[in-house]
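The values are calculated or read from the model by the stated rules, or taken from the named source; none is laboratory data. Quick caveat: nothing in here was measured; it's all calculated off a predicted structure. With ideal geometry, Cβ positions are generated from the backbone for all residues, glycine too; neighbour counts draw on all protein chains shown. When the accessible area is computed, the model is the full protein with side chains, heavy atoms only, and any ligands, DNA or RNA have been set aside. Shrake-Rupley method; radii C 1.70, N 1.55, O 1.52, S 1.80 Å.
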Amino acid sequence: MNLANMHCAPGGQAVALDDATINTHLTTLSGWTRVGNEIRKTYTFRNYHETMAFVNATAWVSHQQDHHPDMGVHYNRCVVAYSTHDAGGITLNDFICAAKIEALTK
């Protein structure tokens, strides 16, 4: 299953995943961890310009998928956290977007 090539289910149609499925998907995404009802990764950069370029690229992907992360933006790092609030947990949409964000950094 190539998550980066998939598309998010429309709002309200995503279903929360069970722990085993979440753990399986996490093994395919380097550096992503589960923190409660979200998956999270901190990306580091050389400077603010690179950080903002990443934030803008992430925003574009999020807009295209209509699935938006919480982000903490700092001078040389960005914390990205995905959760599907209307599903009450972590869904396939979260992993799809995380994989697409990973593809930006390759």
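Evaluate the Debye formula for the chain with equal point scatterers sitting on the alpha carbons, no solvent, and hand back log10 of I(q)/I(0) at q = 0.11, 0.14 Å⁻¹, in q order, two decimals. Listed by q, the Debye log ratios stand at -0.30, -0.49.
Computed 3J(HN,Hα) for segment 78-91, one whole-Hz value per residue from the Karplus formula 6.51 cos²θ - 1.76 cosθ + 1.60 where θ = phi - 60°, is 9, 9, 10, 10, 10, 7, 10, 4, 6, 9, x, x, 9, 10, glycine and proline marked x. A straight chain from N23 to N2 at 0.36 nm per residue would run longer than the Cα-Cα distance by 6.0 nm.
At a 1.4 Å probe radius, carbon and sulfur cover how many percent of the accessible area of the chain?
52
The spacing between segment 45-64 and segment 1-30, judged by their C-alpha centroids, is 22 Å. Which value, in Å², gives the accessible area per residue of the chain when a 1.4 Å probe is used on the protein heavy atoms? Ligands and nucleic acids excluded, the result is 56 Å² per residue. For A99, what charge total do you get from the other residues with a beta carbon under 12 Å from its beta carbon, if Lys and Arg give +1 and Asp and Glu give -1? So the surrounding residues net to +1.
Electrostatic bookkeeping for H68 treats Lys and Arg as +1 and Asp and Glu as -1; over the other residues with beta carbon under 15 Å from its beta carbon, the sum is -3. Kirkwood-type hydrodynamic radius, segment 48-106: 11.8 Å, calculated from all non-identical alpha-carbon pairs. When the trypsin sites (Lys or Arg not before Pro) in segment 1-103 are filtered for DSSP coil states and for at most 11 other beta-carbon atoms within 10 Å of their beta-carbon, the remaining sites are R46. Note on Q65 and A53: the model spin-label points, each 7 Å out from Cα along the C-beta direction, lie 2.2 nm apart.
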